[in-house]
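So the structure is just underneath, and the comments pick up after that.
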Amino acid sequence: MKVISVVFLCFFILACSSTKVHLYTRYLSPQEVKTVTVNLEEQGFDVINNTLVFPDGIEQSTLLYSPFVEGEDTVNILIESLEQKGWLISSVQPIVAGNHYYTKNSLGLLLLPAGISPSAKMTEADLANDYQSKACQSSMTLSLNSDASYQFSFADKLTHQNEQSQGSWQITSYPYIELISSGKNRRFYYQIEKSIVTDVVGKAEIIELKPIDEHYTLPKCTFHYGLRL
């Protein structure tokens, strides 16, 4: 009985001591997320995925690390394992970038595929959010989903439920996005506007989607989404 207890205790200690890797998946494909996650887990890391916005100034694949990371070679093991899979970590920074902090036994891994720049034009990953109606007679939510589908939701669920309420979306020519109804009979467009506002709490990034054509049976509303920086 004592032997079994000791074995369970050892497993518990090893589990608690696993270095946590916070993997930013915002610009990665599902296959890339799976490949990187499996690779790191095979190296003994505990991988936690998130879709957070990259902190300002991150323009290349970056590793953020805590000075409390356990094991002298932990950072090198992670970097080398990623390089073997084709991911070159161009920047290694301690503790914090923007408002992203990593303490205790943890790392932040921000991977950027070739050709992607967070500070450049907005990508589909940046726009995939739930937007609330603004200056509109109807209370609505426009969900731009990461699988390229869209959905209009209404406070009154019995109102405006029609063929235009869902379908697919894409960036056509930045800063414009195109929504295509589920029956592919209707196409309508929004212009993307991004701004930074400051209030008593701090700074926030605001993304607004402004209609540039008639929406047939849909209310012609502006939609907005805010993210604290």
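The values are calculated or read from the model by the stated rules, or taken from the named source; none is laboratory data. Remember, predicted model here, so these are calculated numbers, not experimental data. Cβ placement follows ideal geometry from the backbone for every residue including glycine, while neighbour counts extend to all protein chains displayed.
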Between residues in segment 74-95 that are among the charged types (D, E, K, R) and residues that are modelled with pLDDT of 90 or more and not in a loop (DSSP other than H, G, I, E, B), which pairs lie under 6 Å by C-beta distance while being six or more apart or on different chains?
85/39
Taking segment 173-214 only, how many residues are surrounded by fewer than 17 Cβ atoms within 10 Å (Cβ to Cβ), assigned to a loop (DSSP other than H, G, I, E, B) and in contact (Cβ under 8 Å) with a residue 12 or more places away in the chain?
11
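Could you check segment 38-65 and list, in sequence order, the residues that are among the hydroxyl-bearing types (Ser, Thr, Tyr) and closer than 12 Å to residue 111 by Cα? Steps first, please.
Start the filter on segment 38-65 by keeping residues that are among the hydroxyl-bearing types (Ser, Thr, Tyr), which leaves 51, 61-62, 65.
Across segment 38-65, the qualifying residues are 51, 61, 62.
When the residues of segment 150-183 are narrowed to those that are among the hydroxyl-bearing types (Ser, Thr, Tyr) and touching a strand residue (DSSP E or B) at 6+ places or on another chain (Cβ under 6 Å), which ends up modelled with the lowest pLDDT?
First, the residues of segment 150-183 that are among the hydroxyl-bearing types (Ser, Thr, Tyr): 150, 153, 159, 165, 168, 172-174, 176, 181-182.
Keeping just the survivors that are touching a strand residue (DSSP E or B) at 6+ places or on another chain (Cβ under 6 Å) gives 150, 153, 165, 168, 172, 176, 181-182.
Numbers: 150: 95, 153: 89, 165: 86, 168: 94, 172: 83, 176: 86, 181: 89, 182: 86.
So the residue we want is 172.
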Return the residues of segment 34-70 that are of a type in the set (Phe, Trp, Tyr) and in a loop (DSSP other than H, G, I, E, B); say none if nothing qualifies.
45, 54, 68
Looking at (1) within 25 Å of residue 56 (Cβ to Cβ); (2) crowded, with 16+ Cβ neighbours inside 10 Å, which one does residue 146 not meet, given that it meets all the others?
(2)
Can you name the condition, by its number, that residue 146 falls short on among (1) part of a strand (DSSP E or B); (2) among the polar types (S, T, N, Q); (3) under 20 Å from residue 26 (Cα atoms)?
(1)
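In segment 71-85, which residues are at pLDDT 80 or above and surrounded by fewer than 14 Cβ atoms within 10 Å (Cβ to Cβ)? Steps first, answer last, please.
First, pick out the residues of segment 71-85 that are at pLDDT 80 or above: 73-85.
Selection gives 73, 76, 80, 83, 84, 85.
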Assess whether residue 88 counts as being exposed (fewer than 13 other Cβ atoms within 10 Å of the Cβ), part of a loop (DSSP other than H, G, I, E, B) and at pLDDT 85 or above.
yes
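Condition first: charged (D, E, K, R), at pLDDT below 90, under 24 Å from residue 202 (Cα atoms) and surrounded by 14 or more Cβ atoms within 10 Å (Cβ to Cβ). Can you find one or more residues in segment 43-56 that meet it? Before you say what the answer is, go through the steps one by one.
Pass one, segment 43-56, residues charged (D, E, K, R): 46, 56.
Then drop every residue that is not at pLDDT below 90, which leaves 56.
With under 24 Å from residue 202 (Cα atoms) added as a condition, the list becomes 56.
Among the residues that remain, those that are also surrounded by 14 or more Cβ atoms within 10 Å (Cβ to Cβ) are: none.
No: segment 43-56 contains no residue that is charged (D, E, K, R), at pLDDT below 90, under 24 Å from residue 202 (Cα atoms) and surrounded by 14 or more Cβ atoms within 10 Å (Cβ to Cβ).
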Out of the residues in segment 26-42 meeting the condition of being farther than 30 Å from residue 203 by Cβ and hydrophobic (A, V, I, L, M, F, W, C), tell me which one is surrounded by the fewest Cβ atoms within 10 Å (Cβ to Cβ).
38
